[in-house]
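Everything on this sheet refers to the single structure shown next.
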Amino acid sequence: MGGVGTDARGTKGDLPDRSSREWCDEALTRLDAGRPESALEAARRAAELDPVAEWPQRLISLAHERLGRDADAVPAAERAVDLAGGSWPARLRLAGALRRVPGRWREAAGHAALAGKFAPERAGPQVMLGDLALLRGEHGAAERAYRAALAVDPADPQARVNLALALLRFDPPRPHHDPAWPVDPRETGRARRALEVWSRQVRLLVAVATVVIAGAALLLDWGAQARLCGFAVLVLLVPLTVRQARRVGLWAYAGAMLGRDPWLGASVASAALSALAFAGWLLLGSVHVLPASLDPVWAGLAGIAVLGWPALTALRALAEAWRGHPLRALAETERAGETSREAEREAERVAERETERMARRVAGRNAGVALWLVLGRTWSVLVALLAVALAVRPELAVAAVVLPYPLVRGYLRARKRGDRWLAAATWLVVLAAGAGAAGGLLGSAWAWRAGTGALGAAAVVFVARALHAWWRGGPGPWRSSLLMCDLPMGAEPSVALDSEVRQTFSYARSIVLAYGDAYGPRVAGAVASVTSSGELRLIAETEAWQAIEDDPRVAVFASDPLQRRFWVEVRGIALADSDVMRVTPKQVLVGEFPGRHQRR
């Protein structure tokens, strides 16, 4: 129904006599329109009208989550599960709320797995399992979950966008932190910053001291005094290390943090190696007469102290460009874009939902980053190929003409023509490949100069794009700009039992429970009643209780003796609750004998 009112307090245009489900519809409409505060008011009104309904609780949880109140989203989601333990949307909503709570990742995964068990025909539970795996850096498990979701619903935009992230080997916002740890991520974040600051300070001090000491010894002949200053720098590293070590605090998690974030571990190891190399360089320099055989060692130690930082930065940039499968990721984001465009065409008749706009924006941003990664790969291969051709045989450069094909194809298909930086870098690489191939084939010096100049210009464009993003605080052409598509989950309407269905179960003389076990489908007699929350309470035979532990999907059939031709079938999820069986409805079929029926 349309949202004609401005809030949930009966202001102008609102109907004060709305039912709880109508208020839920209104809350969902406001959520889709990007009005979470107003949606929260509507959901609370629905909960006041029907305190035992689980749909309002899920909407309250969703509204809190959209408002950034993660801690407030959990109690309402837990209340929904308490009211309807067999509701797959309630389990999914609780999984979405718990994944943001420190130390409750495993609970979230358990509820998402239950949602998948309750509703294998739905894509949402598999998408949630994929998101949970992606947050831990388990890219293989995330890819399998997203593909399972797409097998159920090929048009699911979140599965498409996040599958591309799994293919890109996406690093979560906190790569050093395991969401399953029972520790606040802010604490591990402080520990990570302390380790980063220590490694940065050590490498900077050692590099500057090495350059200054070498310059003083070679240019001013102050070798002895400079070496004494160098030893003073080593002494200065001690209090600096102690101070940052105190800030780390969580030493029990430090080793696991370094293992989860390899580049953090490499940075810390590089700082320690630089300090040791600097100390060895000073000690060797203190020996007045060095054997000629030790000269390369002495120079190498100085090189480690000075060049360790830029070498690690260059290695990281190259490794990040060659990590994952950006071309396959581009294909997935392209399909997500096609799905969004179909939704946009559909939105010409109705207002486009905020979730669809969000998915399209995230897909476009990630496609741009993937193209920059493909460009980095193409550029690095071109540099290597042209260098080998110049050094060995110029004719080898002819192979350069085919290298930009994947880049150009991905660029044209991704429709990122609005990014002028990317366009300039792409066509510069194409020019470099063509000029290099012409230089190798024709032996033209000008073609070689044009090719190498274009490669250098492409690198300049990348640096300028990075500086522009850094200056404006926007997303840059690097992996950290990738985003997960995080659409709200668990808002689906609950299945309500109307008065006719309730009457049928109240007056039925015989009720049949259908379930499945290892030997196939089974039926058994049962006694049933309908609770105020809309669940069925059953008493059935022992074999049925054992079977629902493996497969909780059941069907309950009853006929109304007051209306002889009227029958009801409730398909739902059965869970054991003390001495009764709780069945949460998923679908209701009603009809008249001998077989005419309709779904509800």
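Structure notes:
- With 0.36 nm allotted per residue and the present C-alpha distance subtracted, the L228-A387 stretch has 52.9 nm of extension available.
- Estimated at 0.36 nm per residue, the fully extended path between R413 and A524 surpasses their Cα-Cα distance by 34.2 nm.
- Protein accessible area in the chain, 1.4 Å probe - carbon and sulfur %: 60 percent
- Measuring nothing but alpha carbons in the stretch 444-559 and taking Rh as the Kirkwood radius, the Rg to Rh ratio lands at 1.57.
- Under the Karplus curve 6.51 cos²θ - 1.76 cosθ + 1.60, θ = phi - 60°, whole-Hz ³J(HN,Hα) for the stretch 489-503, x wherever Gly or Pro sits: 10, x, 9, 4, x, 7, 8, 9, 9, 7, 5, 5, 5, 4, 5
- Against the chain, whose longest principal axis is taken from its Cα atoms, helix 185-219 shows a tilt of about 10°.
- The chain: calculated mean residue ellipticity at 222 nm from DSSP helix runs of at least 4, using -39500 (n - 2.57): -21500 deg cm²/dmol
- Rounded tilt (10° steps) of 36-49 against the dominant C-alpha axis of the chain: 30 degrees
- Measuring nothing but how far apart in sequence close Cα pairs (under 8 Å, 6+ apart) lie, relative to its length, the stretch 19-156 scores a relative contact order of 14 percent.
- FRET efficiency estimate (nearest 0.05) - Cβ-Cβ, R200 to R323, R0 22 angstrom: 0.40
- Cα gyration tensor, the stretch 97-142 - rounded (a/c under 1.5), prolate or oblate: oblate
- Inter-label distance for R186 and W251, nm, one decimal - labels placed 7 Å from Cα along Cα-to-Cβ: 2.5 nm
- Global geometry of the stretch 98-183, whether rounded, prolate or oblate, following the gyration tensor of its Cα atoms and the 1.5 cut on a/c: oblate
- Sorted from greatest to least, the principal axis extents spanned by the alpha carbons of the stretch 175-242 come out as 58, 20, 11 Å.
- Taking every Cα-Cα distance in the chain and sorting them into 10 Å bins from zero, the calculated P(r) comes out as 3, 13, 18, 19, 17, 12, 8, 6, 3, 1, 0, 0 percent.
- Normalised by the number of residues in the chain, the mean separation of alpha-carbon contacts (under 8 Å, six or more apart) gives a relative contact order of 11 percent.
- Residue-wise HN-Hα couplings along the stretch 391-408, as the Karplus relation 6.51 cos²θ - 1.76 cosθ + 1.60 with θ = phi - 60° gives them from phi, are 7, 10, 8, x, 4, 4, 5, 4, 5, 5, 5, 8, 4, x, 4, x, 5, 5 Hz; Gly and Pro carry x.
- Across the stretch 381-479, Cα pairs under 8 Å and at least six residues apart give a relative contact order of 26 percent.
- Amide H contacts for G516 (H built 1.01 Å from N in the peptide plane; partners 5 or more residues away or on another chain; cut-off under 5 Å): R522.
- Shape call, the stretch 112-257: gyration tensor on alpha carbons, a/c limit 1.5: prolate
- In the context of the full set of protein chains, the stretch 432-587 has a per residue accessible area of 51 Å² (1.4 Å probe).
- Gain on full extension, evaluated as 0.36 nm per residue between W545 and S499 minus their Cα-Cα distance, stands at 13.7 nm.
- Here the simple spin-label model places points 7 Å from the Cα toward Cβ, and for L273 and V212 these points are separated by 2.5 nm.
- A probe of 1.4 angstrom, applied to the heavy atoms of all protein chains, finds W309 with accessible area near 90 square angstrom.
- Rounded to the nearest 10 degrees, the angle from helix 105-118 to the longest Cα principal axis of the chain is 40 degrees.
- Backbone amide hydrogens, once placed in the peptide plane, bring H325 within less than 5 Å of L168, R169, excluding anything fewer than 5 places away on its chain.
The values are calculated or read from the model by the stated rules, or taken from the named source; none is laboratory data. Since the model is a prediction, treat every value here as computed from it, not as a measurement. Every residue, glycine as well, gets a Cβ built from its backbone with ideal geometry; the counts of neighbours run over all protein chains shown. Surface areas here come from the heavy atoms of the whole protein model, side chains and all, with no ligands, DNA or RNA. Shrake-Rupley method; radii C 1.70, N 1.55, O 1.52, S 1.80 Å.
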